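A.B. asks: Sending over a structure as structure tokens; questions will come in a sec.
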Amino acid sequence: MILAGDVGGTKVHLALYDFIDGKLKHARDEKYPAKEYSGLEEIVKEFLAADQVTAACFGVPGPVRDGRLRLTNLPWTLDSRELAAGLGISHVFLINDLEANGYGIAELTGEQIYTLAEGDASQIGNRALVAAGTGLGEGFLIWNGRMHVPYPSEGGHADFAPRNEDEIDLLRFLKQKYNGRISFERVVSGMGLTGIYEFLRDVRGVEEPVWLAQKIAEVEDPNSVITEMGLAARSEICEKALDMFVSAYGAEAGNLALKVLSVGGLYVGGGIAPRILEKLKDGTFIKSFTDKGRLSQLLINMPVRVILDSRAALLGAAAYGEARAAELSGVSPRAASARA
């Protein structure tokens, strides 16, 4: 059995995978509210109970160095060696969450991916991965002539680049709100959608109806209300917020595609994209994605695909954990399963 984990700033998603006929087979999974626990080890022990695993791999938000990292959106420091000792698991690996997503793409079926733009599917080369959720993750899938190799990036923390008067004023608003520099993550993420909504209300003077203000006050996550009302066209301010958010999302996806030269396509992952798929389909995202001046045609030719399965990072973590454990032990669980 392989334990896979997708560690986010809001929740921790854990899953167990077995190997049947040489393939990953999902056994069970569970989601945990991250902020209600003191650390990852506590959550894993609760999840595993009596289950025994041979290896574990966790996709984590941030740069992993020598098996260790300090999370940006949680007060946790994770160390693969300490986790291995505390959990009694021989092989424990920490990889960037977008790296895990990258490995997961190879495990997905056609039904788990929605093609937003066909582009030129015959092109072979690098791919890019962008994923907005609690934060903004970015990653590369570099074509080495034989396969796509995932690499992590912290590109979501690069400087926000406004493209029009609304975004210039949004930048000023956010600089004041956060008292300093603004990254793309401050705009294209859960916190970003809330910030855009507040900008439209407080700076642009777009009306916030009393019923909407009350509805937002009643929930822990205002983005759920903003998204729901925007998609249903029940609120002008929510519609405008969603429109600005998706436009900025598409623009940054295009920036990443240019930097990676992802002629093999761009994948949109994360928790937000599947929830706003109908909005992504209306052309706002693709218009911003391809609006790159003299290089627009390059972007037009790139396929754009949305990952619909929330377990993509878990699949990737499981695949990575299996491969690395096999490399270190000299025995492949997939091969052993196939022989059995």
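We did not get these values from a lab; they are worked out from the coordinates using the rules stated. Everything numeric in this text was worked out from a predicted model, so none of it was measured. Every residue, glycine among them, receives a Cβ derived from its backbone with ideal geometry; neighbour counts consider all protein chains shown.
A.B. asks: Of the chain, which part is the longest with no trypsin sites (Lys or Arg not before Pro) in a loop (DSSP not H, G, I, E, B) and with at most 14 other C-beta atoms within 10 angstrom?
C.D. replies: The reported range is 1-145.
A.B. asks: Please sort by residue number the GluC sites (Glu not before Pro) in the range 208-256 whose DSSP state is loop and whose Cβ has at most 12 other Cβ atoms within 10 Å.
C.D. replies: Glu218, Glu220
A.B. asks: Also, quick follow-up: When the Cα centres of the range 37-106 and the range 245-297 are compared, how far apart do they sit, in Å?
C.D. replies: Between the Cα centres of the range 37-106 and the range 245-297 lies a distance of 30 Å.
A.B. asks: By the scheme Lys and Arg +1, Asp and Glu -1, what is the net charge of all other residues having a beta-carbon under 13 Å from that of Gly110?
C.D. replies: Taking every other residue near Gly110 into account, the sum is -2.
A.B. asks: Also, I was wondering about something else. Quick check on my link table: of Lys11/Lys259; Lys177/Lys287; Lys11/Lys279; Lys215/Lys240, which ones sit more than 27 Å apart, alpha carbon to alpha carbon?
C.D. replies: In this structure, Lys11/Lys259; Lys177/Lys287 lie more than 27 Å apart at Cα.
A.B. asks: State the Cα centre-to-centre distance between the range 141-163 and the range 3-19 in whole Å.
C.D. replies: If we compute the Cα centre of each part, the gap is 23 Å.
A.B. asks: Going by average Cβ neighbours within 10 Å, how do the peptides 207-213, 138-144 rank, with the highest at the top?
C.D. replies: The most tightly packed comes first, giving 138-144, 207-213.
A.B. asks: So, one more: Picking from Ser329, Ser296, Ser224, which is most flexible by a Gaussian network model of the chain using Cα springs under 10 Å?
C.D. replies: Ser329
A.B. asks: Any idea what log10 I(q)/I(0) is at q = 0.07 Å⁻¹ for the chain, Debye with uniform C-alpha scatterers and no solvent?
C.D. replies: The Cα Debye sum returns log10 ratios of -0.30.
A.B. asks: Take every Cα pair under 8 Å in the chain that's 6+ residues apart, average their separations, divide by the length, and report that relative contact order as a whole percent.
C.D. replies: Value for the chain: 24 percent.
A.B. asks: Please work out the ratio of the alpha-carbon Rg of the range 197-272 to 2.2 N^0.38 Å and round it to two decimals.
C.D. replies: Here the Cα radius of gyration is 1.35 times the empirical estimate.
A.B. asks: Another one. Would you work out the relative contact order for the range 6-106, in percent, from Cα pairs under 8 angstrom that are 6 or more residues apart?
C.D. replies: 26
A.B. asks: Restricting to the chain, compute how many DSSP beta bridges are antiparallel as a %, nearest 5.
C.D. replies: 65
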